[in-house]
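Undergrad: Structure incoming, see below.
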Amino acid sequence: MRKNLLINDLICWTDDGDRLERVLWIDEGRVIAFCIDVQASVGFPRKVPLSQINESIERYEAVIIENDPYAVIVREDDLTESQRVLRDMGWNVVSSVISKVGEPDIFIREKRGSVIVSVSKEFRISVNTVYRYLRRYWQRGKRPSALLPDYSNSGGRGKPKSAGEKKRGRPRKNPSIAGTGINVDESIKQIFLIAYEEFYKTRKELTLAKTYERMCEKYFAENMYFEDGQKRVAILGPDERPNLDQFDYWVEKHEKTNFNSTVIARKGEKWFSLKGRALQGRSDAELIGPGSLFQIDSTVGDVYLVSRFNREWIIGRPVIYAVIDAFSRMVAGIYVGLEGPSWLEAANAIANCATDKVKFCKDYDINIEPEEWPIKGLPNAIVADRGELEGKPVETLSKNLHVWIKNTPPYSGCYKKA
């Protein structure tokens with residue numbers, strides 16, 4: 001067994017719970033050494049008389065570890081770009097500290113404190129972050145690779161963990177009342193999915209909390225009884241059934257891969273096609289310029305109009321048609337009428353597209369300059385909902401004026417969205 005102590009050696013203190021320390025520095029006279037606990041998440045190097053370490057080794061109270069489990073040795077070609085970036089970021093911070101204060105002053109709090117603050121300001125990071133980089137550098141062998149992230153020790157975020165006897169997760173705040181709970185194993189996951197399909201994915205649109213209640217009543221019931229002529233269900237205690245948070249967690253994981261089918265089951269195919277489906281592109285994505293495509297739509301105004309002859313006579317709600325240029329977003333034509341949405345009203349709105357806008361506004365005592373509304377003419381194509389622009393009258397427009405008419409699929413008004 002080697003007894004001659006060197007810098008970067010690992011010492012296992014067998015008389016202190018097998019605590020591991022790394023030797024960071026030894027003075028020329030081999031009197032003083034600085035060591036750091038390699039397993040500590042906080043703390044700093046401590047000064048130890050070299051004679052004390054040697055005596056402990058002689059008495060077998062300390063042992064030099066030959067195979068360093070904390071040394072990080074990797075090939076540069078094996079690193080990913082993100083790993084290199086994180087390593088270099090840490091090394092830039094550490095090397096900046098080392099260049100400003102050398103050994104052994106860096107191990108002394110009073111001498112390194114101002115340097116740490118200066119470096120934290122230089123790199124715009126917190127003082128704690130600088131210390132974290134330094135501690136990692138010292139604990140893992142004083143080399144740049146010591147600053148690589150521990151991806152190999154990552155907990156596998158998003159991956160299922162095996163359940164043992166011990167309850168996983170954060171302990172409950174009031175275990176005497178809420179119990180300690182149970183782990184979710186494969187059989188309980190199956191119950192979650194069955195309840196999810198049975199109670200949640202229905203047109204009743206139950207909340208997850210209500211779904212959880214229904215699941216407990218059916219699958220975690222202790223007994224059933226009648227009270228005042230009503231059937232009651234006594235469910236198992238909190239130590240014998242999963243809680244709502246566990247149910248919500250596993251349902252959310254399942255929903256991520258079954259979102260569309262869940263929405264369709266709760267809202268219906270028509271609602272999903274109109275409001276829930278993801279947009280696959282933009283209506284102006286393949287347009288070459290203004291006039292390529294117009295979009296037409298109508299809405300019933302949320303007002304009631306009265307007669308000009310007698311304001312007590314309600315004549316109806318206006319139907320407003322608007323035609324816009326899909327490329328420039330400019331309003332190309334408008335029409336307001338009292339008839340219901342129809343081909344006649346749509347035709348008036350399309351005709352307004354070809355109207356001189358200065359003259360059109362002047363008819364209503366509004367004076368504008370040509371550049372204020374510079375649009376006049378028909379487009380290459382018009383897209384509309386399935387309705388007014390279907391049938392033989394529309395064929396006349398298409399054939400005689402060479403305007404291509406496109407209608408969106410049923411319940412797919414989103415095809416006209418930008």
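Undergrad: Please note which helices (runs of 4 or more DSSP H) are completely contained in segment 61-179 and include at least 3 residues that are closer than 20 Å to Val42 by Cα, at pLDDT 90 or above and not hydroxyl-bearing (Ser, Thr, Tyr).
TA: In segment 61-179, 81-100, 109-123, 127-139 are the helices (runs of 4 or more DSSP H) which contain 3 or more residues that are closer than 20 Å to Val42 by Cα, at pLDDT 90 or above and not hydroxyl-bearing (Ser, Thr, Tyr).
Undergrad: Would you mind stating whether Ile366 is out of contact with any Pro (no Cβ under 7 Å at 6 or more places or on another chain), more than 13 Å from Phe294 (Cα to Cα) and of a type in the set (A, V, I, L, M, F, W, C)? Lay out the reasoning, then the answer.
TA: Numbers: out of contact with any Pro (no Cβ under 7 Å at 6 or more places or on another chain): yes; more than 13 Å from Phe294 (Cα to Cα): yes; of a type in the set (A, V, I, L, M, F, W, C): yes.
It is true that Ile366 is out of contact with any Pro (no Cβ under 7 Å at 6 or more places or on another chain), more than 13 Å from Phe294 (Cα to Cα) and of a type in the set (A, V, I, L, M, F, W, C).
Undergrad: Sticking with this structure for a sec: When you look at Ile188, is it part of a helix (DSSP H, G or I) and of a type in the set (Val, Ile, Thr), yes or no?
TA: Against the criterion (part of a helix (DSSP H, G or I) and of a type in the set (Val, Ile, Thr)), Ile188 qualifies.
Undergrad: Output the number of residues of segment 298-342 satisfying the condition of being in contact with a strand residue (DSSP E or B) (Cβ under 7 Å, 6 or more places away or on another chain) and among the polar types (S, T, N, Q).
TA: The number of residues fulfilling the criteria is 3.
Undergrad: What single numbered condition from (1) within 45 Å of the chain's Cα centre (by Cα); (2) under 20 Å from Leu397 (Cα atoms) fails to hold for Met330?
TA: (2)
Undergrad: Please work out if Ser298 is over 18 Å from His402 (Cα atoms), crowded, with 17+ Cβ neighbours inside 10 Å and in contact with a Phe, Trp or Tyr (Cβ under 7 Å, 6 or more places away or on another chain).
TA: Here the answer is yes, as Ser298 does meet what is asked.
Undergrad: Could you check segment 199-289 for helices (runs of 4 or more DSSP H) lying wholly inside it with 2 or more residues that are closer than 29 Å to Lys167 by Cβ?
TA: 208-219, 244-255
Undergrad: Inspect all residues belonging to segment 287-304 and state whether any of them is assigned by TED's automatic domain parsing to the domain that holds Ala351, among the acidic types (Asp, Glu) and out of contact with any Gly (no Cβ under 7 Å at 6 or more places or on another chain).
TA: Looking through segment 287-304, at least one residue is assigned by TED's automatic domain parsing to the domain that holds Ala351, among the acidic types (Asp, Glu) and out of contact with any Gly (no Cβ under 7 Å at 6 or more places or on another chain).
The values are calculated or read from the model by the stated rules, or taken from the named source; none is laboratory data. Computed from a predicted structure; not experimentally measured. Don't worry about glycine lacking a Cβ; one is built from the backbone with ideal geometry, like all the others, and counts go over all protein chains shown.
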